[in-house]
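The values are calculated or read from the model by the stated rules, or taken from the named source; none is laboratory data. Values in this document were obtained by computation on a predicted structure and should not be read as measured data. Quick reminder, even Gly has a Cβ in these numbers, built from the backbone with ideal geometry, and neighbours come from all protein chains shown.
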Amino acid sequence: MALTYTSTTNLGTTLSRSQRCPHLPAITCAYSPFSILVFHPFVSTPIFNKPIKKKLEKVKAIMFDDNLVAGDLCATAISGVVAVSVLRIWEETAKRGIFDQKLNRKLVHISIGLVFMLCWPLFSSSRQGALFAALIPGLNIIKMFLMGLGIWKDEATVKSMSRFGDYRELLKGPLYYAATITLACAVYWRGSPIAIAAICNLCAGDGLADIIGRRFGSQRLPYNNNKSVAGSVAMLIAGFITSVGYMHYFCSFGYLEKSWEMVIGFLVVSLASTLVESHPLSTVLDDNLTVPLATLLVGSLVL
């Protein structure tokens, strides 16, 4: 007779399988990741409970698993709404003058990329998912171009993203920022620790370096009087800790396998990014350009 069992995991996935068994009538097996409970149709208790070891496969957070295009479209819409909502919050605080303009700009700098990266598991694991995700910062590149050229007027965005309220500043730091996140999505994506390191060191590391440096940076670096010891230490710690945190986050979905080698690699990349950010050349070129370049270069060697 046919032995049929239905497997239901705690992830809500149902599997079915049939095989021949000449000795028993049809029975039902209740399955979990840790044991198999076999029930006879006329017996209310399990015939046996055999522990098994099962390695969990990748946890899928994507929507419409049977239609990847529809799922990625929905993921793009949700991620876009989340990113725009966070940006609108900081634009409103800039309008109302709740924070100093420099602090408000750095809060935008820190939060946008990190919040957007939290949405990555919504997309499919295919190349298509990476490209759909890249659309969101990619559209922001176009926006920065139009606003930086004066074609698109948006005073709130200019105030929240520029140092001195000049719309032409958007053609530098904010444009490089959007380009880095677009590159991380389209080229590296969530299975690469390089993408994690690039965004975490740019957002958390560089952002906190400025905030901490302005408040506690009385001791200046010997090779750059514009940078402080406190700011550089803050960048190193923030970039490293957030990189490790996102490593664990993506590991929980099965996109990465965490290891001490990766942790050490993140430390090396954060150290390199900190040294580059503190160099006088970064002040001339813009650290939103030099930090990602350093991260990608060093990350390709150690991650």
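On the basis of being buried (at least 20 other Cβ atoms within 10 Å of the Cβ) and either over 21 Å from residue 277 (Cβ atoms) or β-branched (Val, Ile, Thr) (or both), does residue 152 make the cut?
Answer is no for this residue.
Can you tell me how many residues within the range 75-95 are out of contact with any helix residue (DSSP H, G or I) (no Cβ under 8 Å at 6 or more places or on another chain) and under 11 Å from residue 123 (Cβ atoms)?
Adding up the residues that qualify gives 0.
Only helices (runs of 4 or more DSSP H) wholly contained in the range 162-219 count here; list those with 1 or more residues that are of a type outside the set (Val, Ile, Thr) and not assigned by TED's automatic domain parsing to the domain that holds residue 76.
Ranges flagged: 193-200, 206-216.
Please give the number of the condition residue 258 fails out of (1) outside any helix (DSSP H, G or I); (2) loosely packed, with under 14 Cβ neighbours inside 10 Å; (3) without any contact (Cβ under 8 Å) to a residue 24 or more places away in the chain; (4) of a type outside the set (A, V, I, L, M).
(2)
Could you pull out the residue among 273, 278 that is in contact with a strand residue (DSSP E or B) (Cβ under 6 Å, 6 or more places away or on another chain) and surrounded by 20 or more Cβ atoms within 10 Å (Cβ to Cβ)?
278
Checking the condition part of a helix (DSSP H, G or I) and either among the β-branched types (Val, Ile, Thr) or in contact with a Gly (Cβ under 8 Å, 6 or more places away or on another chain) (or both), which residue from 87, 103, 131, 107 passes?
Being part of a helix (DSSP H, G or I) and either among the β-branched types (Val, Ile, Thr) or in contact with a Gly (Cβ under 8 Å, 6 or more places away or on another chain) (or both) holds for just one of 87, 103, 131, 107, which is 107.
Among the residues of the range 136-156, are any in a helix (DSSP H, G or I), within 24 Å of residue 256 (Cα to Cα) and under 23 Å from the mean Cα position of the chain (by Cα)?
Among the residues of the range 136-156, at least one is in a helix (DSSP H, G or I), within 24 Å of residue 256 (Cα to Cα) and under 23 Å from the mean Cα position of the chain (by Cα), which makes the answer yes.
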